[in-house]
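Participant: First the structure, which I've put down as structure tokens, then a few questions once you've had a look.
The values are calculated or read from the model by the stated rules, or taken from the named source; none is laboratory data. If you're wondering where the values come from, they're calculated on a predicted model, not measured in any experiment. Cβ coordinates were reconstructed from backbone atoms using ideal geometry, including for glycine residues, and neighbour counts include every protein chain displayed. Keep in mind that these areas ignore ligands, DNA and RNA; they rest on the heavy atoms of the full protein, side chains included. Shrake-Rupley method; radii C 1.70, N 1.55, O 1.52, S 1.80 Å.
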Amino acid sequence: MCCSSSIERDKALMGEPEAFDISAVKGMKFFDPHVHMTSRTTDDYQAMADAGVVALIEPAFWLGQPRTGLDSFRDYYSSLIGWERFRSSQFGIKHYCTIGLNSREANNESLAEQVMEILPLFIYKEGVVGVGEIGFDDQTAAEEKYYRLQLQLAKEAGLPVQVHTPHRDKKKGTQRSMDIALEHGLDPYGVIIDHNNEETVKEVLDRGFWAAFTIYPFTKMGNERMVEIVKQYGAERIMVNSAADWGISDPLAVPKTAALMKMRGLSDEDIELVTYRNAITAFAQSGQLDEADFNAQKNVDLTEKFEGNTILRGGQQPRADKSSIIIS
């Protein structure tokens, strides 16, 4: 058994830095198609922009604790198409979202029924590129009921679907998610199956769906494993995301994965597909996403406010020098 010092020495001999080296992917652009920025700080936006993230998608998800009323959903959905979109723009990052009733929250049926009534008020809004994230958590009858209802809603609206696959019994839940989507007549090319791993990827791709992978420490997928998956299956219909949220997660997971892929010998073309291009292709089916908008987003108007509010306080600039020990 080797010790940790020998492991680090071996990494050094392989030319692998211990810390993320942005120069490895300097000049590349990244799209994170699943990140919960409501739970992140403005510092995260700055770090993502500096690392080359030019656009992102924020799926609707649970609060971290049970919501107690319909208005909390209404305010949350409004923030995804309002304040959060503005906050992202202040760092030159184009913000999109998907709107839906999360599977974990579908089990409160009395509240879920009320949420279903307001979803049509939000899914047609500007910047909404799909219905999501929806699917299974504990794979209950209630989760299936509201998953089916939202698939039908997406079909009627002509929107892509972003599917959350369960952490427990993932293979069964993933298969069932795809079966039900097909039962409702959805084109697999319009359905993004998320949180894949080695036991689900082949069937997802073989059945024509998009396979998204979440690079999330310990619980979902590590980026070394992700490199091997792309080597085995190629880059077609595969995308990576961070799903960064309130938990121990990394909003730089996409550029870090790109850097590791480059170090491990993957082609720039394949790296671009899984960390940028494929997400654009999948979610542009909504008619709400245009790559040209990313460049326009770079022209940040620092005097702009959202409903009278700004992220700046007392004459601040939106960017701070993080390398300085002095906070002035």
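Participant: Quickly rank 136-145, 122-131 as a protection proxy: mean count of other C-beta atoms within 10 Å, highest first.
Facilitator: So the peptides 136-145, 122-131, ranked by packing, come out 122-131, 136-145.
Participant: Restricting to Cα pairs below 8 Å that are 6+ residues apart, what does the relative contact order work out to for the range 145-200? Please round to a whole percent.
Facilitator: This gives 45 percent for the range 145-200.
Participant: Each residue of the range 227-240 in order: what ³J(HN,Hα) in whole Hz does its phi give by Karplus 6.51 cos²θ - 1.76 cosθ + 1.60, θ = phi - 60°, with x for Gly and Pro?
Facilitator: With the stated coefficients, the range 227-240 comes to 4, 5, 5, 5, 4, 7, 9, x, 9, 5, 6, 10, 9, 10 Hz.
Participant: Here's a follow-up. Compute a Gaussian network model of the chain, connecting alpha carbons closer than 10 Å, and tell me which residue from Arg168, Arg104, Arg87 fluctuates the most.
Facilitator: Arg168
Participant: If you roll a 1.4 Å probe over the heavy atoms of the protein chains, what accessible area per residue do you get for the range 28-285, in Å²?
Facilitator: Averaged over the residues of the range 28-285, the accessible area is 36 Å².
Participant: How much of the accessible area of the range 28-285, in percent, comes from carbon and sulfur atoms when a 1.4 Å probe is used?
Facilitator: Answer for the range 28-285: carbon and sulfur cover 49 percent of the accessible area.
Participant: Follow-up question, since we're still on this one. Please give the Cα centre distance for the range 27-88 versus the range 109-126, rounded to the nearest Å.
Facilitator: Centre-to-centre (Cα) distance: 19 Å.
Participant: Right, next: Identify the residues of the range 104-126 with backbone N under 16 Å of a label point that sits 7 angstrom from the Cα of Thr68 along the Cα-to-Cβ direction, or state none.
Facilitator: Only 111 fall inside the zone, counting backbone N under 16 Å.
Participant: At each listed q (0.10, 0.17 Å⁻¹), what is the log10 of I(q)/I(0) that the Debye formula gives for the range 28-285 modelled as equal alpha-carbon point scatterers?
Facilitator: Taken in order of the listed q values, log10 I(q)/I(0) reads -0.43, -1.35.
Participant: While we're here: Which pairs break 22 Å Cα to Cα here: Lys172/Lys262; Lys94/Lys220; Lys94/Lys145; Lys145/Lys170?
Facilitator: Lys172/Lys262; Lys94/Lys220; Lys94/Lys145
Participant: Using a simple charge model, +1 on the beta-carbon of Lys and Arg, -1 on the beta-carbon of Asp and Glu, nothing else, what dipole does the range 16-73 show about its Cα centre, in debye to the nearest 20?
Facilitator: Computed about the Cα centre, the dipole is about 240 debye.
Participant: Next up: What residue among Ser39, Ser103, Ser249 shows peak mean-square fluctuation when the chain is described by a Gaussian network model with Cα springs under 10 Å?
Facilitator: Comparing Ser39, Ser103, Ser249 in a Gaussian network model of the chain, the most mobile one is Ser39.
Participant: Just want the answer: with Cβ charges of +1 for Lys and Arg and -1 for Asp and Glu, which residue in Gly92, Met37, Phe61 is farthest toward the dipole's positive end in the chain?
Facilitator: Result: Gly92, furthest along the dipole toward the positive end.
Participant: I've got another one for you. What is the chain's relative contact order, in percent, from Cα pairs under 8 angstrom and six or more apart in sequence?
Facilitator: Relative contact order, the chain: 20 percent.
Participant: Beyond 22 Å, what percent of the Cα pairs of the range 78-185 remain?
Facilitator: 33 percent
Participant: Identify which of Gly173, Gly185, Gly158 has the largest mean-square fluctuation in a Gaussian network model of the chain, with springs joining Cα atoms closer than 10 Å.
Facilitator: Of Gly173, Gly185, Gly158, the most mobile in the Gaussian network model is Gly185.
Participant: So what's the back-of-envelope 222 nm ellipticity for the chain, counting only DSSP H runs of four-plus at -39500 (n - 2.57) apiece and dividing by all residues, rounded to 500?
Facilitator: The per-residue figure over the chain is -11000 deg cm²/dmol.
Participant: Dipole of the chain, Cα-centred, from +1 at each Lys and Arg C-beta and -1 at each Asp and Glu C-beta, to the nearest 20 debye?
Facilitator: Approximately 360 debye in magnitude.
Participant: Full-extension gain between Ile22 and Glu304, please, as 0.36 nm times their residue separation minus the C-alpha to C-alpha distance.
Facilitator: So the extension gain works out to 98.5 nm.
Participant: At a Förster radius of 35 Å, what calculated FRET efficiency corresponds to the Cβ-Cβ distance of Asp270 and Glu156, to the nearest 0.05?
Facilitator: The calculated FRET efficiency here is 0.50.
Participant: Just to check I understand the Karplus step: with θ = phi - 60° and J = 6.51 cos²θ - 1.76 cosθ + 1.60, what whole-Hz values come out for the range 175-182, glycine and proline as x?
Facilitator: Per-residue couplings from phi come out as 4, 5, 4, 6, 4, 5, 4, 6 Hz.
Participant: Per Stokes-Einstein, at 4 °C and 1.567 mPa s, what whole-number D in µm² s⁻¹ belongs to the range 175-261, with the Kirkwood radius over Cα pairs as the hydrodynamic radius?
Facilitator: For these conditions, the coefficient is 96 µm²/s.
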